[in-house]
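Structure first, then comments.
Nothing in this text is a laboratory measurement; each read-out follows from the coordinates by a stated rule. Worth saying up front: this structure is predicted, and the values here are computed from it rather than measured. Cβ coordinates were reconstructed from backbone atoms using ideal geometry, including for glycine residues, and neighbour counts include every protein chain displayed.
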Amino acid sequence: MGTFKAAVINEIIKIYKKKKVIVAVIISLFAIVMGQLMVTVVNTGFGLRAVSGTQFPILVLSLFSRTILPFFTTLVVIDVFSGEFSHNTMKITMTRPITRIKLFTAKVSAVAFFVLVNLIIVMLLSMLAGILFNSDSITEMGVFRVLLAYIVTLIPVVAFALIIVFLANIFKSGTTVFFISVIIFIAFNAITIAFPRYSSLFITSMFDWHSLWNVNTFQISKILREFFIILGCAIMFYTAGYYLFDKRDL
Amino acid sequence: MKTKKRLTILLSFCLGAALFMSTAFADVFSKEGYDQFKDAIKYTCEKLSGDYDSYTSEVALSIKDNDTLIMSNAVIAKVDMVNGKRENISTDEYGNGKKESYYYYEDTKCSIRKDSDKDTYYLYEYENERDVKDISDFNNPFEEEEAEDIEKIFDALIGNLKHHVIVKENNDGTKEFSGTISDAQIPALINAVTSFFFKQAVSGSNLGDDEFIPNLKDDVFINTVSGNAGVNNDGIIDNLFASFVLSGKDENGVEHKLTFEAVMKIYSINSTFVTKPDLTGKEVEKDVVKSDPDAYISGKYLGKWKSDIVIEKHDSFIKIGEKFVEITAIDDRYVYGKYYEVYKEEYAEYAEGKRDFEFKLDTEEDWTRFEGVDASGNPIDGFIWFERGYINMYINGDIRSEEEVYNNQFNKVFEE
C-alpha cells in the first residue's frame with residue numbers, strides 16, 4: 001500500500017509540475033467571469049433574474065463538464081501516459097519496486113484527482129461569483145445541490161478518461177491520441193444529438209448526468225442504470241488499458 | 001500464474017462489457033416518466049376524439065397575485081357525440097367579487113345562448129340540420145401533420161427537465177404523474193426566455209374592468225413549476241393540475257408572486273346526458289341561421305355593378321373611368337361573372353394594363369373566392385363579397401398607381 005500511495009503522490013506532483021493545472025484553472029476562471037458578466041447583462045438588461053445564486057454554479061457546470069473539463073482531462077492523460085512513453089521516462093518510474101498494476105492504478109488515480117481538484121476549484125469560483133452577484137437567493141439546500149452536482153460529475157469524466165488511457169496505451173504518439181480523442185468526443189456528441197434515443201450508449205452524454213441529481217425526487221432506477229452504464233464502461237476500459245500497459249515493451 | 005492473470009483480465013473485461021451493454025440497452029428501451037406521460041396525453045386525445053360516446057370535462061384556470069385572486073375561469077362542458085349535443089357553462093370570477101357566467105347549448109337543430117346578467121335566451125335555429133360530427137368535433141392535435149416535428153422540438157427544449165417527471169403505478173392499474181421544478185433546477189436559458197416572454201406578453205395586461213396583472217419590471221424569474229396528473233384504468237388522463245409561479249418586482253420595487261393554475265377533469269365517460277333547456281315561459285329571442293350560402297347569393301345579384309375609377313391629382317379627385325362587375329349567371333353551385341374597366345379617352349395613359357376577365361365562384365368550396373382567366377390566358381384570382389345592396393371585390397396582385405383612390409365597392413347599375 002505504501003508503494004501505491006507513494007506512486008500516486010509522485011504522479012500527482014508530476015501532473016502539477018506540467019503547469020496544465022494552472023492553465024486549466026485560469027481558463028476556468030476566465031469562463032466563469034465571462035459567464036457571470038453575460039448573466040448580469042441579461043438580468044439587468046431585460047429585468048430578469050434568470051440565474052439565481054445557486055443556479056449559476058450549475059449553469060457553469062453544465063458548460064464546463066462538456067468542454068473545458070474533458071479537454072484538460074485528455075491533455076493530462078496524454079501527459080501521464082503517452083508523454084512518458086515518448087520521453088522514455090516511463091522506464092525511470094518502472095525501476096522503482098512497484099508492480100505494473102499498482103503503477104497503472106496510481107496513474108489513473110492521479111488523473112481522477114486532477115479532475116476532482118479541477119471540479120472543486122470551478123465550483124468554489126462559480127459559487128463565489130454567484131454569491132457576489134446574486135446574494136439574495138442562496139439557500140443551504142441550494143449549496144448542497146451544487147456540491148452534489150459537482151461531485152457526481154467526477155464519475156462520468158473519469159470513465160471518459162479511462163477511454164483516453166486505453167487509447168494512450170495503443171498509440172505511441174500523444175498527438176495521435178489527442179486527435180482521436182477529439183474525433184471520438186465530437187462523434188459521440190453528434191450521434192447523441194442525431195439519435196437522442198440511443199444517447200445512453202455514449203459516455204459523453206453522461207457528462208450532464210448531474211441533472212439527474214438536481215431534482216426534488218430522485219429517480220433511483222434511472223440513476224442506478226446510468227451509474228452501471230458508466231461503471232461498465234469504466235471497468236471495460238480500465239481492464240483493456242491495463243492489459244495493454246502490462247504487455248508493453250519499454 | 002500467467003494464465004490466471006490473463007483469465008482475470010478477460011473475466012473483468014467481459015464483466016464490464018456485459019454490465020455496460022445490458023444497462024445501456026435497458027436504458028435505451030426504458031420509458032421514463034416523461035415518455036409515459038406523453039403517451040398518456042396522446043392516448044387521451046385519441047380516445048376523446050372518437051372512441052367515446054359522451055363525457056363531461058371541467059377546466060378551471062386562475063391567476064393569483066400573492067394569493068389574492070385576480071381572475072378565474074371555469075368551464076364545464078358536456079359532450080354527447082352520439083346524439084350530437086353539447087353544453088358549455090363558463091363562469092368568470094374577478095378579484096372584486098364580480099361573477100359572470102355564460103351558458104351555451106348546441107345540437108344539430110339549434111343553438112341557445114344566455115348570459116348571467118340578462119334573462120333573455122338567444123335561440124338560433126338552423127335552417128338545415130347539421131351533421132352530428134360538426135357538433136362534437138374534437139380534433140386530435142397529434143394527428144396534425146406538424147405534430148411529430150413539434151414534439152421533437154419540444155423534447156429538445158425540455159432536455160434534462162424530463163427527469164423531473166415522476167410516475168407512480170398503483171395496484172389497481174391507475175397511474176399518477178407528478179413533478180416539481182424550482183428556479184435553481186430550471187436551465188438558465190429556458191428560465192430567461194420564458195420569464196422574458198411573460199414579462200412582455202402578460203404582465204400589465206387587463207383582465208376585467210379593474211383587474212389587471214401587475215406590471216413586473218425587475219428580477220422576473222420562474223419560481224416554481226409543478227403539476228400532477230392521474231391516469232385511470234382505461235389509460236386516459238382524467239385529472240390534471242398544473243401550477244406556474246412567476247416572481248418579480250413592479251415599478252415600485254414591490255415583490256409579486258404571480259400564480260397561474262390550471263385544473264382539468266374528465267368524468268362521466270359514456271354516461272353524460274345533455275338535455276335541451278326548456279324555454280317555455282322564458283324570454284326568448286329567436287333567429288334563423290341560414291346555413292346555405294346560395295340563400296344569400298340569389299338572382300337579385302344578376303346584372304351590372306359599377307365603381308368609379310378615381311385619381312387624386314392637383315388637390316382634386318378626378319374620375320378617369322369606370323370598372324364593372326357583371327354577374328352573368330348563378331346556378332346551384334357556381335356564380336359566373338365578368339370584370340372589365342373602361343377609361344375616358346383623355347386618360348388613356350392610365351388604361352395601360354387594364355383588366356378584363358371572366359370569373360367563376362365555387363360556392364361549395366369557398367363562396368368568397370373567385371378564379372378566372374384573362375384574355376392572354378393568365379390566371380386571376382381574388383375575393384368577392386356579396387353584401388346587401390353592393391358587391392366588394394378584391395383582385396389579388398392588383399397594384400395601381402399611387403395617384404389612384406382605392407375603392408373596391410361596386411354599386412348596382414339600375415336600368416331607368
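Quick one: divide the alpha-carbon radius of gyration of the stretch B:21-131 by 2.2 N^0.38 Å and tell me what you get.
Scaled against compact globular proteins, the figure is 1.60.
Taking 0.36 nm per residue of separation and subtracting the Cα-Cα distance, full extension of the segment from residue B:51 to residue B:396 would add 119.9 nm. Counting only other chain Cβ atoms within 10 Å of each residue's Cβ, the peptide A:210-219 averages 6. The mean number of partner chain beta-carbon atoms within 10 angstrom of a residue's beta-carbon across peptide A:50-59 is 6. Here the label points at residue B:302 and residue A:88, each 7 Å from Cα along the C-beta direction, are separated by 11.1 nm in the simple model.
Look at the dipole of the protein assembly as shown built from charges on Cβ: of B:126, B:328, B:383, the Cα furthest out on the positive end belongs to B:383.
How long is the gain from residue B:329 to residue B:196 if the chain were fully straight, where each residue apart is worth 0.36 nm and the alpha carbon distance is subtracted?
On the way: separation 133, 0.36 × 133 = 47.88 nm, distance 5.68 nm.
Once the chain is fully extended between residue B:329 and residue B:196, it gains 42.2 nm.
The translational diffusion coefficient of chain A, from Stokes-Einstein at 25 °C and 0.890 mPa s with a Kirkwood hydrodynamic radius over alpha carbon pairs, comes to 127 µm²/s. The lysines whose alpha-carbon is closer than 28 Å to the alpha-carbon of residue B:175, local same-chain residues fewer than 8 away aside, are A:222, B:31, B:38, B:42, B:47, B:78, B:152, B:162, B:265. The distance between label points at residue A:176 and residue B:415 comes to 10.0 nm (points 7 Å beyond Cα on the Cα→Cβ vector).
Quick one: which of B:98/B:276; A:91/B:2; A:102/B:4; B:306/B:344; A:18/A:107 span more than 24 angstrom between C-alpha atoms?
Pairs exceeding the cut-off: B:98/B:276.
Overall shape of the stretch B:33-267 was characterised from the C-alpha gyration tensor. The equivalent ellipsoid obtained from it has semi-axes of 33, 27, 16 Å, in decreasing order. Model label sites at residue B:406 and residue A:183, defined 7 Å from Cα along the beta-carbon direction, differ in position by 6.1 nm. Given R₀ = 25 Å, FRET efficiency for residue A:248-residue A:116 by Cβ-Cβ distance, to 0.05? The calculated FRET efficiency here is 0.35. Which distance in Å, rounded to a whole number, links the C-alpha centroids of the stretch A:171-240 and the stretch B:166-242? What the calculation gives is 32 Å, centre to centre.
Quick one: pull the percentage of alpha-carbon pairs in chain B with a separation above 40 Å.
Numbers: 42918 of 86320 pairs.
When every Cα pair of chain B is considered, 50 percent fall beyond 40 Å.
For chain B, the longest principal axis of the alpha carbon atoms and the long axis of helix B:147-158 meet at an angle near 50°.
Size check on the stretch A:127-250: the Cα extents along the three principal axes, sorted descending, read 59, 33, 29 Å.
Only DSSP H runs of four or more residues enter the estimate; each adds -39500 (n - 2.57), and after division by the residues of chain B the mean residue ellipticity at 222 nm equals -5500 deg cm²/dmol.
Binning the C-alpha pair distances of the stretch A:67-182 at 5 Å intervals from 0 yields a P(r) profile of 2, 11, 19, 18, 14, 11, 9, 7, 5, 3, 1, 0 %, listed from the shortest bin outward.
Give me Rg over Rh for the stretch A:1-42, both radii from the alpha carbons and Rh done the Kirkwood way, two decimal places.
Details: Rg = 17.0 Å, Rh = 12.5 Å.
In the stretch A:1-42, Rg relative to Rh is 1.36.
Ellipsoid fit via the Cα gyration tensor, the stretch B:298-412: semi-axes of 26, 15, 12 Å, each the root of five times an eigenvalue, largest first. The long axis of helix B:188-201 is offset from the longest Cα principal axis of chain B by roughly 30 degrees. Specify the residue with the greatest mean-square fluctuation among B:368, B:56, B:272, computed from a Gaussian network of chain B linking alpha-carbon atoms under 10 Å apart. Fluctuation is largest for B:368.
When the Cα convex hull of the stretch B:351-411 is projected onto planes of every orientation, the mean area is 5.0 nm². Straight-line cross-link partners of residue B:304 among the lysines, defined as a Cα under 16 Å from its Cα and at least 8 positions apart when in the same chain: B:323, B:338, B:360, B:412.
The ranking of B:121, B:394 from fewest to most other beta carbons within 10 Å of each one's beta carbon is B:394, B:121. Taking amide H positions as modeled 1.01 Å from N, with prolines and chain starts lacking one, the residues under 5 Å from residue B:165 and 5 or more places away or on another chain are B:34. For the stretch B:259-339, the equivalent ellipsoid derived from the alpha-carbon gyration tensor has semi-axes of 51, 25, 17 Å in decreasing order. Normalised by 2.2 N^0.38 Å, where N is the number of residues, the alpha-carbon radius of gyration of the protein assembly as shown equals 1.40.
Let me check against my output: what whole-number percent is the relative contact order of the stretch B:33-267, with C-alpha pairs under 8 Å and at least 6 apart? Display every interim value, and only then the final one.
Details: 479 pairs, mean separation 48.9, N = 235.
The value is 21 percent.
For a paramagnetic label modelled at 7 Å from the Cα of residue B:26 toward its Cβ, which residues of the stretch A:213-247 fall within the zone defined by backbone nitrogen distances under 13 Å? What the label zone holds, given the 13 Å backbone N cut-off, is A:220-232.
Extents of the stretch B:99-237, taken as max minus min of Cα coordinates on every principal axis and listed largest first, are 58, 47, 34 Å.
Protection proxy ranking, highest mean first, for peptides B:407-413, B:343-349, A:61-67: A:61-67, B:407-413, B:343-349, where packing is the per-residue count of other beta-carbon atoms within 10 Å, averaged. Shielding of peptide B:217-227 by partners, expressed as the average count of other chain Cβ atoms within 10 Å per residue Cβ, is 3. Applied to the stretch B:98-104, the Karplus parametrisation 6.51 cos²θ - 1.76 cosθ + 1.60 on θ = phi - 60° returns per-residue 3J(HN,Hα) values of 5, 10, 9, 9, 9, 10, 9 Hz, with x for Gly and Pro.
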